[in-house]
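The values are calculated or read from the model by the stated rules, or taken from the named source; none is laboratory data. These figures come from a predicted structure and were not determined experimentally. Side chains are part of the model used for accessible areas, which takes the heavy atoms of the whole protein and leaves out ligands, DNA and RNA. Shrake-Rupley method; radii C 1.70, N 1.55, O 1.52, S 1.80 Å.
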Amino acid sequence: MRVLVVGASRGTGAELVEELAERGHVVTAFSRRAGAHPEGVRTVTGDVLDADALGKAMVGQDAVAVTLGIPDNPFRVRLTRRASSRLDVRSAGTRAVLDAMGEHDVPRLVVQSTYGIGDTYRHLPLALKAFFTLGIRPQVRDHERQEEVVRESGLAWTIVRPTVLHDEATDAPAHVSTDDLAPTMRVSRRQVARVEADAIEDDSRHAQVLSVTAAA
């Protein structure tokens, strides 16, 4: 399968590129800054809001994964209302991806959101609820808008909501559910990447919202 990963330079996006490449997919890594990717991965440097650059990367793809986010400290972003990416990069970037997918007839979409959006908020521990309200409220609203445009897209979409991400290596499978429940509040980026790769490959995951966390 030919897969475009948007937001591929770091974090879960970079892990997903590696996971897909290991599975034998033909991967295009799209990001504002070039990342270190496995041999054979096509790297495209460009802004997701540049319709021309995004459209060229979209040609010939079978599926798209969106792992956009703001890398800056969330409290500094909240205080200064400034970041190295647009504050609405998730929703605006996803809209741009949807437009390009429609133009090039790409049917399959996997989008990374976060656990705590929608009905999952009520399952957060008190400290994380406070963090969502006080620390990252603008990002939460952007995630909400992002999920809304995905649901209305008419595409074969899957939304992935990981709990708190970390970079520790683990071969353990993630806990994946569609009932909004999460037995723990931590999950590795590579575990999430495996779930996203599975979702790209699995037609039964269409129109599903997946809560992803480490098993208890």
Q | Amide proton proximity set for S188, modelled H, under 5 Å, gap of 5+ | A | H166
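Using a 1.4 Å probe on the protein chains only, how many percent of the accessible area of the chain belongs to carbon and sulfur? Kindly include the intermediate steps, with their values, before the conclusion.
Numbers: 4980 of 10200 Å².
Of the solvent-accessible surface of the chain, carbon and sulfur hold 49 percent.
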(Q) I need the phi-derived Karplus couplings for region 139-144: 6.51 cos²θ - 1.76 cosθ + 1.60, θ = phi - 60°, integer Hz, Gly and Pro marked x. (A) 5, 4, 4, 5, 4, 4
Q | Solvent exposure of the chain as accessible area per residue, Å², 1.4 Å probe | A | 47 Å²
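Short version: what are the Cα gyration tensor semi-axes of the chain, square root of 5 times each eigenvalue, largest first, in whole Å?
Working: eigenvalues 121, 79, 56 Å².
After diagonalising the Cα gyration tensor, the semi-axes are 25, 20, 17 Å.
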Q: Would you check the accessible area of E196, probe 1.4 Å, heavy atoms only, in square angstrom rounded to 10?
A: 0 Å²
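Counting only C-alpha contacts under 8 Å and six or more residues apart, can you give the relative contact order of the chain as a whole percent? Display every interim value, and only then the final one.
Details: 436 pairs, mean separation 41.8, N = 216.
Worked out over the chain, it gives 19 percent.
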Q: Name the residues whose placed amide hydrogens come within less than 5 Å of the amide hydrogen of L210, ignoring near sequence neighbours (fewer than 5 apart) on the same chain.
A: I159, V160, R161
Q. Rounded to the nearest 500 deg cm²/dmol, what is the calculated helix-only ellipticity per residue at 222 nm for the chain, with -39500 (n - 2.57) per DSSP H run of length n ≥ 4?
A. -10500 deg cm²/dmol
